[in-house]
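All remarks here apply to the structure that follows.
The values are calculated or read from the model by the stated rules, or taken from the named source; none is laboratory data. Keep in mind that what you see is a predicted model, and the values were worked out from it rather than measured. As a convention, Cβ positions derive from the backbone with ideal geometry for all residues, glycine included, and neighbour counts pool all protein chains shown. Heavy atoms of the whole protein, side chains included, go into the accessibility calculation; ligands, DNA and RNA do not. Shrake-Rupley method; radii C 1.70, N 1.55, O 1.52, S 1.80 Å.
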Amino acid sequence: MISAYESLARLRTGNQRFVSDNRSQDTLATHARRLELTAGQAPFAVILGCSDSRVPVEIVFDQGLGDLFVIRVAGNIVAPSQIGSVEFAAEQFSTRLVVVLGHSRCGAIAATLEQLQRSTRSGSRNLNSIVNRIRPAVEELLNTDLRHNPVALMEQSVRANIRASANQLRHGSQLIEQLIQNDGLLVVGAEYSLETGLVDFFDGVPADNNQG
Ligand SMILES: [Zn+2]
């Protein structure tokens, strides 16, 4: 299995291909590739992304069958089943990079901010289980001047939620903590821009590896 840094480089170049409308032929889901993968998988990155239809993970990173182990849930939140999925991939396939991928204008974040600002508790119990996991990350931003600037509040909230999810994964289980300490597992946070198509890896990337 390749290192976390090689995986990161692969995601960055894939995203550049996507942004420049220059998608790789290799990532097309061919018949031959599908058959090859029946023998097993070796995904080089785990991505916890949002369910938003505008952020399909394989497409924005220009990857193909068998490349990415993807978990998608509204608001890219971390609950026990997400932690379990990361553990599974890291153990079974030795995947060493985990990316929490949030995005601009995330509806789950907007819904959480709306609930907090109106101090309503509407919505179903199930939907609230998502909002409740986003709330701690954004609640304190409402106590700052950001509350007078809805655009900036939204932008900062998206990032705060990504950071919170990445942190929850880093400390989500003993197994993950050990893999980070001893086996080169890296958990990073990234934001996809609906406007530009670019993914910005802004959280948890060691400085010497951060080239945008
Ligand atoms: Zn979203």
What's the total number of residues in region 133-173 that are modelled with pLDDT of 95 or more, part of a helix (DSSP H, G or I), of a type in the set (S, T, N, Q) and surrounded by fewer than 18 Cβ atoms within 10 Å (Cβ to Cβ)? 2
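Here's the yes/no breakdown for (1) open to solvent by less than 40 Å² (accessible area, probe 1.4 Å); (2) farther than 24 Å from Val86 by Cα; (3) away from the ligand (no atom under 16 Å from the Cβ); (4) among the aliphatic types (A, V, I, L, M):
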position	(1), (2), (3), (4)
Ser3	no, no, yes, no
Leu8	yes, no, yes, yes
Thr13	no, no, yes, no
Asn22	no, yes, yes, no
Cys50	yes, no, no, no
Val55	yes, no, no, yes
Members of region 46-105 that are in contact with a helix residue (DSSP H, G or I) (Cβ under 6 Å, 6 or more places away or on another chain) and assigned to a loop (DSSP other than H, G, I, E, B): Cys50, Ser51, Phe61, Asp62, Gln63, Leu65, Gly66, Ile77, Val78, Thr95, Arg96
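In region 61-105, how many are among the hydroxyl-bearing types (Ser, Thr, Tyr), in contact (Cβ under 8 Å) with a residue 24 or more places away in the chain and open to solvent by 20 Å² or more (accessible area, probe 1.4 Å)?
Summing the residues that are among the hydroxyl-bearing types (Ser, Thr, Tyr), in contact (Cβ under 8 Å) with a residue 24 or more places away in the chain and open to solvent by 20 Å² or more (accessible area, probe 1.4 Å) in region 61-105 gives 2.
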Among (1) within 16 Å of the ligand (Cβ to nearest atom); (2) in contact with a Ser or Thr (Cβ under 9 Å, 6 or more places away or on another chain); (3) among the small types (Gly, Ala, Ser), where does Gly84 come up short? (1)
Restricting attention to region 38-48, report how many residues are among the β-branched types (Val, Ile, Thr) and open to solvent by 40 Å² or more (accessible area, probe 1.4 Å). 1
Where the second residue is surrounded by 11 or more Cβ atoms within 10 Å (Cβ to Cβ) and not in a helix (DSSP H, G or I) and the first is of a type in the set (Asp, Glu) and lies in region 15-42, which pairs have Cβ atoms under 7 Å and are six or more apart or on separate chains? Asp26/Gly64
What number of residues within region 106-127 satisfy the criterion of being surrounded by 15 or more Cβ atoms within 10 Å (Cβ to Cβ) and without any contact (Cβ under 8 Å) to a residue 40 or more places away in the chain? 3
